[in-house]
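Following: one structure in structure tokens, then a few remarks.
The values are calculated or read from the model by the stated rules, or taken from the named source; none is laboratory data. This is a predicted model, so every value here is computed, not measured. Every residue, glycine among them, receives a Cβ derived from its backbone with ideal geometry; neighbour counts consider all protein chains shown.
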Amino acid sequence: MRSVRAAGAVLALAALVAALPARVSGNGVSLRLHGSVEPVRSHPIVVPRLSGSGPGTGGPGTLVIVRLVKPGTRVKRGDLLIEFDRQAQIKTAHDRQAEYRDFVEQINKKRGEQITASAHGEAELKTAENAVKSAELEILKAEVVPPITAEQNRLTLDEARAKAAQLRRTFDLRRKADVADIRALEIQRDRAMNAWKHAETNADKMRVVAPIDGMVVLKSTWKSGTMGEVQEGEEVRSGLGILDVIDPSAMRVRAKVNQADVAALRVGAPARITLDSYPTRTFTGRLEQLSPIGAISQMSNRVRSFLAVFSIDGSDPHLMPDLAAAIDIADDHDEGQVTKPTR
């Protein structure tokens, strides 16, 4: 057990030593860091998220690529980057449009039926009210008619009043029910309209254009058990990042700094940057950002690393995203000896 722990400690120590930046004693260089090149300005392009519940061709939340720009292509703002199959969204839009129009016709028909029923109800109520008035006139004859006739007239009046009151209540309830029926259909109509508009919006999202002038860089994604770039004809899920449009005119280098070397850095310090892929090309730059809080190392809780961002002066076609770069920090007394970028 002790041997296993000792072996693990040795491996962890070796990994930490390998991760430490090199210190160069000569040529005015006091510290060497390693990082990767990235654009200062970039826009990620992801598979659009569909509004509502409209499915893609391959099931809910998936879309099929029918056109895809090639990596490395220079694009202008508004140029087409990627296009997805929109047939499912167009069909959904047409279905929801037909559903909306059907509800509109149902509402018109229901309103016509309610107007007819209301006219019949008002006529029936008017007849009942006239019957009450007639019965009230008969009551006035109570002194000139036999008592039994007068009693029958009172019963007739009570019956007419009760019938009129019942018809009024029924008529009021019927009008409230009619309003509720219309409102229920209007809600269904509005839902159908929202679904129709969502489907049309989804169809518009099937064409993705460049948000800025720049260059296309495809991302690697996990597919079929391996990492690779997406291609035309493939099925992708909503929210998946496919590519970036970067501005190659301004690049920078992002590097991690061991806690033991943070004290040797200061924001604004000049640096010489060399690309591992093009070792003969050097660039000048300076430290622009240094994180004030360090991140805990995966090897040990006692070891922390800090994020440093270095700017690169000028532009060069060899400066591409994700290229490995070495950053040499010059001694304070040799800051003027940092070489300029070669072209």
Check VAL64, VAL46, VAL40, VAL17 and return the single one that is touching a Lys or Arg at 6+ places or on another chain (Cβ under 6 Å) and at pLDDT below 95.
-> VAL40
Quickly run through region 226-274 and pick out the residues that are part of a loop (DSSP other than H, G, I, E, B), of a type outside the set (Val, Ile, Thr) and closer than 30 Å to VAL209 by Cα.
-> GLN231, GLU232, GLY233, GLU234, SER238, GLY239, LEU240, ASP247, PRO248, SER249, ALA250
Do we have LEU323 as under 33 Å from the mean Cα position of the chain (by Cα) and under 22 Å from ASP276 (Cα atoms) here?
-> yes
Identify all residues within region 78-98 that are within 21 Å of the chain's Cα centre (by Cα), not in a helix (DSSP H, G or I) and not aromatic (Phe, Trp, Tyr); write none if there are none.
-> GLY78, LEU80, LEU81, ILE82, GLU83, ASP85, ARG86
Name the single residue, out of those in region 157-203 being of a type in the set (S, T, N, Q) and at pLDDT 90 or above, that is farthest from the chain's Cα centre (by Cα).
-> GLN166
Here are ALA123, ALA135, ALA119: which of them is without any contact (Cβ under 8 Å) to a residue 40 or more places away in the chain, surrounded by 14 or more Cβ atoms within 10 Å (Cβ to Cβ) and assigned to a helix (DSSP H, G or I)?
-> ALA135
Among the listed residues GLY56, GLY72, which satisfies the condition of being at pLDDT below 90 and within 22 Å of HIS198 (Cβ to Cβ)?
-> GLY56
Single residue of region 258-284 satisfying the filter (among the small types (Gly, Ala, Ser) and in contact (Cβ under 8 Å) with a residue 40 or more places away in the chain) that is nearest to ASP328 (Cα to Cα) | ALA271
When only residues in region 297-319 that are crowded, with 18+ Cβ neighbours inside 10 Å and among the hydroxyl-bearing types (Ser, Thr, Tyr) count, which is nearest to ARG41 (Cα to Cα)?
-> SER311
Can you name the number of the only condition in (1) touching a residue at least 40 places away in the same chain (Cβ under 8 Å); (2) crowded, with 18+ Cβ neighbours inside 10 Å that ALA88 fails?
-> (1)
Spot the failing condition for GLN89; the list is (1) modelled with pLDDT of 90 or more; (2) under 25 Å from SER238 (Cβ atoms), and only one is missed.
-> (1)
